[in-house]
């Protein structure tokens with residue numbers, strides 16, 4: 001169990017200057033900072049190829065799926081892919097006719113309870129196709145210039 005530690009001060013009524021929350025070293029699962037009801041979470045990714053960005057997206061999805069419904073839209077198949085964790089809905093577009101399929105995926109997302117879709121890494125045209133379907137496409141910024149697929153401007 002965690003604890004709250006207060007530092008004594010000279011404030012009236014003994015109000016502390018600072019409070020430090022101590023998390024338990026033995027309890028891995030911590031309560032959420034803000035307890036919100038479960039929601040639909042969506043991400044669109046170019047592929048599930050054996051790369052770092054793909055692994056990060058799958059790890060994010062695996063951590064979210066115990067509490068939320070997670071849907072990953074995968075634009076292209078790869079010969080070798082990361083395995084998808086259980087409980088995640090994978091929508092595969094197969095790499096062909098992407099504009100039309102992304103518009104349809106955007107419509108499905110927009111019809112749900114959360115119209116936001118995180119896009120990692122998708123081109124501006126792919127994000128626009130999701131938006132034409134009604135989704136709110138949010139680009140995820142890659143932290144290394146080598147991973148950028150378009151200029152940042």
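The values are calculated or read from the model by the stated rules, or taken from the named source; none is laboratory data. Please read all numbers here as calculations on a predicted model, not as lab measurements. Heads up, the Cβs are rebuilt from the backbone with ideal geometry, glycines too, and the neighbour counts pull from every protein chain shown.
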(message) With the requirement that a residue be within 19 Å of residue 48 (Cα to Cα), at pLDDT 95 or above and crowded, with 16+ Cβ neighbours inside 10 Å, what does the stretch 81-112 give you?
(response) 88, 91, 93, 98, 101, 102, 105
(request) Just give me the residues in the stretch 57-80 being surrounded by fewer than 15 Cβ atoms within 10 Å (Cβ to Cβ) and within 23 Å of residue 126 (Cβ to Cβ), in sequence order. (result) 59, 77, 79, 80
(message) Step by step: first the residues of the stretch 42-56, then only those that are farther than 17 Å from residue 127 by Cβ and assigned to a helix (DSSP H, G or I), then the one that is modelled with the lowest pLDDT. Which residue is that?
(response) 52
(request) Report whether or not residue 83 is out of contact with any strand residue (DSSP E or B) (no Cβ under 8 Å at 6 or more places or on another chain), in a loop (DSSP other than H, G, I, E, B) and closer than 16 Å to residue 41 by Cβ. (result) no
(message) Within the stretch 124-137, does at least one residue satisfy the condition of being out of contact with any strand residue (DSSP E or B) (no Cβ under 7 Å at 6 or more places or on another chain), under 26 Å from residue 36 (Cβ atoms), modelled with pLDDT of 95 or more and part of a loop (DSSP other than H, G, I, E, B)?
(response) yes
(message) Looking for something at pLDDT 60 or above, in contact with a strand residue (DSSP E or B) (Cβ under 8 Å, 6 or more places away or on another chain) and in a loop (DSSP other than H, G, I, E, B) - is there at least one such residue anywhere in the stretch 3-25?
(response) no
(message) Contact list please: Cβ distance under 6 Å, first residue in the stretch 37-51 and free of Cβ contacts under 8 Å to residues at least 60 places away in the same chain, second residue surrounded by 18 or more Cβ atoms within 10 Å (Cβ to Cβ), pairs at least six apart or on different chains.
(response) 48/54; 48/74
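Please state which one of 67, 76, 71 is in a loop (DSSP other than H, G, I, E, B) and modelled with pLDDT of 95 or more.
Within the list 67, 76, 71, the selection yields 76.
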(message) Quick check on residue 95: is it on the phi > 0 side of the Ramachandran plot, part of a loop (DSSP other than H, G, I, E, B) and in contact with a strand residue (DSSP E or B) (Cβ under 8 Å, 6 or more places away or on another chain)?
(response) no
